[in-house]
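A quick write-up on the structure given underneath.
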Ligand code: SF4
């Protein structure tokens, strides 16, 4: 299915504290046999930079092929609206090189793939958040709905799942805990470890898909669409509720035809009626996000992906202050409405039984 992450990583570094955990020790033994460079960092030591100063794009790419095995110390979870209540921090970054990546502005100049070995502690913290929410709901005589966690807010856990197995542990944990639901979204196909997990319909696995033009030009280092759809079919067969995310929708010349072809080919692979209904009550779900960028993201993208040609002109765009209080360039009103209506209609026609969660 997806390419093995061990083949997408050149170097691995371990925080000394990571070796106090079973997962850290196992990864150290395993990676020492696979990679030419595996080192334990000195206490509070930094990962050595392997590019000459000023090589911004080289440093970015090298970081995306560098694994850091760490202990997650900050156990204060971040909010994750609108897709969930809280982020579940199992991993930071991923081996992909998507030019438009939504993490461009948050992970700094060296977005190392950081996996956390204190998984039990992270999951115990999630249970605490859920317990607090349940207590608050019962005090307010509320409905006590499940607390929803998003495992892909800071990276792509499925990209490294064959190495860590952390997401599988989370899936089983959330399967046992009746107060929580888990969501994850990926551009990778390495879902084999998840297939036998006891998920009890409480984890929704979503796959990010796009047209062949978008994938070829702006999603380097990720799995092919065929591999993502094969993975979607595999997790659906394993009884998971699944979703498809089309993000970003880019209105390039010929976009209507290509998104229509994408919907047709996906419908031939994934029939909405065959997808299990999850503990959230939904069958196949869709999420659609139109392309947008901040001025800061544009500068970073131009320095890291200079030749990618991602359309980021202000012409045909509107500057909008979003829910988090900062401005983004979104499509102008006419183009935005056209894209939203077109995508909603496409999904309705090809997937009549699916739930369209949002088009933004
Ligand atoms: S796969 Fe997701 S997290 Fe990774 S580079 Fe692409 S958009 Fe960013």
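Quick notes on this structure:
- Checking residue 220 against (1) crowded, with 24+ Cβ neighbours inside 10 Å; (2) more than 18 Å from residue 280 (Cα to Cα); (3) touching a residue at least 60 places away in the same chain (Cβ under 8 Å), the condition it does not meet: (1)
- Failed item in (1) touching a helix residue (DSSP H, G or I) at 6+ places or on another chain (Cβ under 7 Å); (2) surrounded by fewer than 18 Cβ atoms within 10 Å (Cβ to Cβ); (3) at pLDDT 95 or above, with residue 181 passing the rest: (2)
- Options 152, 159, 126; residue that is surrounded by 22 or more Cβ atoms within 10 Å (Cβ to Cβ), without any contact (Cβ under 8 Å) to a residue 60 or more places away in the chain and within 16 Å of the ligand (Cβ to nearest atom): 152
- Verdict on residue 59 being farther than 22 Å from residue 152 by Cα, in contact (Cβ under 8 Å) with a residue 40 or more places away in the chain, crowded, with 16+ Cβ neighbours inside 10 Å and within 16 Å of the ligand (Cβ to nearest atom): yes
- Every pair of residues 6+ apart whose Cβ atoms lie under 6 Å, when the first sits in the range 85-99 and is under 20 Å from residue 75 (Cα atoms) and touching a residue at least 60 places away in the same chain (Cβ under 8 Å) while the second is within 13 Å of the ligand (Cβ to nearest atom) and part of a strand (DSSP E or B): 87/150; 91/155; 92/114; 92/155; 93/113; 93/155
- Among the residues making up the range 181-224, those that are away from the ligand (no atom under 13 Å from the Cβ), in contact with a strand residue (DSSP E or B) (Cβ under 6 Å, 6 or more places away or on another chain) and closer than 30 Å to residue 301 by Cβ are 183, 204, 205.
- Residue list for the range 110-123, filter: within 15 Å of the ligand (Cβ to nearest atom) and farther than 17 Å from residue 218 by Cβ: 110, 112, 113, 114, 115
- Enumeration of residues in the range 84-103 that are part of a strand (DSSP E or B) and either near the ligand (Cβ under 10 Å from one of its atoms) or in contact with a helix residue (DSSP H, G or I) (Cβ under 9 Å, 6 or more places away or on another chain) (or both): 86, 91, 92, 93, 97, 98
- Among the conditions (1) at pLDDT 95 or above; (2) buried (at least 18 other Cβ atoms within 10 Å of the Cβ), the only one that residue 73 does not satisfy is (2).
The values are calculated or read from the model by the stated rules, or taken from the named source; none is laboratory data. Remember, it's a predicted structure, so these values are computed and weren't measured experimentally. Note that each Cβ is placed from the backbone with ideal geometry, even for glycine, and that neighbours are counted across all protein chains shown.
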